[in-house]
Amino acid sequence: MIGVIDSGLGGLSVLKEIHHLMPNHSLHYIGDSAWCPYGNKSYPEIQKRVSGIIDYLISNKAEIIVIACNSATIASVEYLRAEYPIPIVGMEPGVKPAVQITKTGTIGVFATEASLAGEKFHKLVTSHAQDIRVITQPCPEFVSHVEKGELDGAEVEKTIKKYAEPMLIGNADTIVLGCTHYPFLKNAISELYPEFSLIDTGVAVAKQVLRRAPSQDDNHPSPIFKFQTTGDAEHATKLLPELCSDFRQYRFDILYGI
Ligand code: DGL
C-alpha cells in the first residue's frame, strides 16, 4: 500500500501520475483539508500534522509514504526520514529541469511561502541555478482556487495574471510549478501565457516511487484505492472526477481524530 499525503487536494496531481505508472498498486490518499493551507504554517506545526497522518497510514498498512506536498517536504522530510523505518518520498520544485531549458536565463518559481522560506529550497537554487536569475512568487490564491474546484474562469484568470505578470516583466520564460496544487491550473496558465514553459515534478516523483516501492504481491492482484480527508468529504468527492478522472466513482471518507 502506498500512502500519499497532501495539505488538501493538490497531491492528487501526484497520485494520478503514480497510478499511471503503477496501476496495480494500492493507494491510500489523505488530504489534510481541514488544516489547508500548509503554506502559511510554521514548520513544527506542519511536522506535527504530517507525523500524525503517517502514523495513521502505517497503522493502515502503508509500506511507503509519498509526501505529495512541497511545503510539507521542505518543512519535514529530513525529520520524517529519521523518525520512520519505511521509505519516504518527497517533492522537489523542478528548478533543475527549468535551468536546463531556459533560453532567457531567467526562471520563475511559483511555490508557497513555506517552501520558498526553506533552507532546502535555498540550497537547491544555490547548487543548481547559480548563473540563472530566479524570480520567486508565493501563490496562496492558487491553492484556494483548487480547493474550491475553480480551475478556470474570470477569477482564476485574474489571479494568474497577478502572479504571472512579474515573471513576464522579469523576462522569465520557464516557470516551475513548485506546489502540487498548481498543476491543476496548468491549462488555464498556458492559455493566458503560452510563452511560458511550465515545469511540474509529478512524473519524476512517480518514477521515484516506482523505484522505492515494494513490488506488488502477486497473490493480491486487485489493488485497493482509499481516499480520506480531514475536511469536507462530500465536497472532495464532488471534485474527484475532475481532478482525477481515473477515480471518478470513488468517494472521500472523513478522517477524524488526527
Ligand atoms: N500542495 C502543497 C504544496 O505542494 C501546499 C499547498 C498549501 O497547503 O499551502 O506545497
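Here, each number is a calculation from the coordinates, and none is a lab measurement. On a predicted model such as this, the values are computed, not experimentally measured, just so you know. Note: ideal-geometry Cβ built from the backbone for every residue, glycine included; neighbour counts use all protein chains shown.
Remarks
- Value in Å of the Kirkwood radius, where the chain supplies the Cα pairs that are averaged: 18.4
- In range of the label at Glu141: residues from the stretch 153-172 whose backbone nitrogen is under 19 Å from the point 7 Å along Cα→Cβ: 153-170
- Annotation: extensible slack from Arg212 through Gln130 equals 26.5 nm (criterion: 0.36 nm per residue apart, minus Cα-Cα distance).
- Positive-end extreme of charge dipole, the chain - chosen from Leu27, Val209, Leu116 (charges on Cβ): Val209
- Magnitude of the charge dipole, the chain, Cβ model with Lys/Arg +1 and Asp/Glu -1, debye to 20: 400
- Across all Cα pairs in the stretch 1-154, the calculated P(r) in 5 Å bins from zero up to the longest distance comes to 2, 9, 18, 20, 19, 16, 11, 4, 1, 0 percent per bin.
- Contour minus Cα-Cα distance for Arg81 and Ile169 (0.36 nm per residue): 27.7 nm
- Note on the chain: helix-only mean residue ellipticity at 222 nm, from DSSP H runs of 4+ residues weighted -39500 (n - 2.57) and normalised by residue number, equals -13500 deg cm²/dmol.
- Pair Asp246, Tyr193: separation of 7 Å Cα→Cβ label points (nm): 2.9
- FRET efficiency for Ile254 and Val203, using Cβ-Cβ distance with R0 set to 25 Å, rounded to 0.05: 0.25
- Gain in span if fully extended, Lys148 to Asn60, counting 0.36 nm per residue against the direct Cα distance: 28.8 nm
- In a reduced charge model with +1 at each Lys and Arg Cβ and -1 at each Asp and Glu Cβ, the stretch 169-236 shows a dipole moment near 300 debye about its Cα centre.
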